[in-house]
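Working notes for the structure below.
The values are calculated or read from the model by the stated rules, or taken from the named source; none is laboratory data. These numbers were taken from a predicted model, which means no experiment stands behind them. Ideal geometry is used to build each Cβ from the backbone, glycine not excepted, and the neighbour counts take in all protein chains shown.
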Amino acid sequence: MATLKLIGLGLSKRFLTEKAINEIKSCDIVLFETYTSLSCDLTPDFIKTLNSNLLTVDRKYIENNSKEIIKLLSEKNNVCIVTIGDPMIATTHVSLIVEAKVKGHEFVVVPAISVHCYIMSKSMLSSYKFGKSVTIAYPYGEKIDTTPYNVIYDNFVRGLHTILYLDLKEGKAMSAKEAIELLIEMERIEKKGLITDERVIIIGQRLGCEDEEVVALKVKDISNYKFKEPPHIIVFPTDKLHFMEVEAIKCLMK
């Protein structure tokens, strides 16, 4: 039987581990999934320098075409699925491992630094006070899904911070400015007083890249702030802050 390898690449080349490089080189087929996140320099062309047997695949292939992956394994191909960030954080890849194991194949998970733990560290907020994370998605037609608003609110009233992933749709990454505009629209719908002009949020831009930036801004100042190109990620702090968290946010304020 063959081995299915779930390999995390980290956020950029400088976070790519020797373990990940060696595992990629050892695979018969490499599937580079492009929908979980973006990187400034981890591209299909770069991965091809490690292993030329590479296919770039989308969400539909990974989530709806597992039979093809199992078929590749059944033909005694060791298959790598490589992911920017960590392969098991904010992904559904565990289902592939379960299916492969049921069919008698082995599996390997190669962890890597994820934007999730990276922004927690860069925000300098207490790691013990983060609640459920959520993704802000582009509207479907004219319908805005207010789930992110309600997740933030539930965390907020419990004294917990919220990490907000931003949608990546057809190669277009949502910007922090777009995300806040959607949250303002959600406030108009839900009317719980969560999104106000004076509310402070933390925004990570191009994390892991040489030009990364992490800033704290009031909502009213976001429309005029000159952001770097995506990918972006947002932390929505609770207002039940330890005094050192208050000082940490001051260090990030623009």
Of (1) of a type outside the set (D, E, K, R); (2) more than 30 Å from Pro230 (Cα to Cα); (3) at pLDDT 95 or above, Ile70 satisfies every one except (3)
By residue number, the members of segment 71-89 that are part of a strand (DSSP E or B) and under 21 Å from Ser12 (Cα atoms) are Cys80, Ile81, Val82, Thr83, Gly85
Log entry, pairs with first residue in segment 103-118 being without any contact (Cβ under 8 Å) to a residue 60 or more places away in the chain and within 12 Å of Ile84 (Cβ to Cβ), second being crowded, with 21+ Cβ neighbours inside 10 Å and of a type in the set (Asp, Glu), beta carbons closer than 8 Å, six or more apart or on different chains, reads none
Residues in segment 156-176 that are at pLDDT 95 or above and exposed (fewer than 15 other Cβ atoms within 10 Å of the Cβ) total 3
By my count, strands (runs of 3 or more DSSP E) wholly in segment 1-58 with at least 2 residues that are closer than 23 Å to Val102 by Cα and modelled with pLDDT of 95 or more are 3-8, 29-33
Only unsatisfied item for Thr92, checking (1) surrounded by fewer than 18 Cβ atoms within 10 Å (Cβ to Cβ); (2) modelled with pLDDT of 95 or more; (3) outside any helix (DSSP H, G or I), is (2)
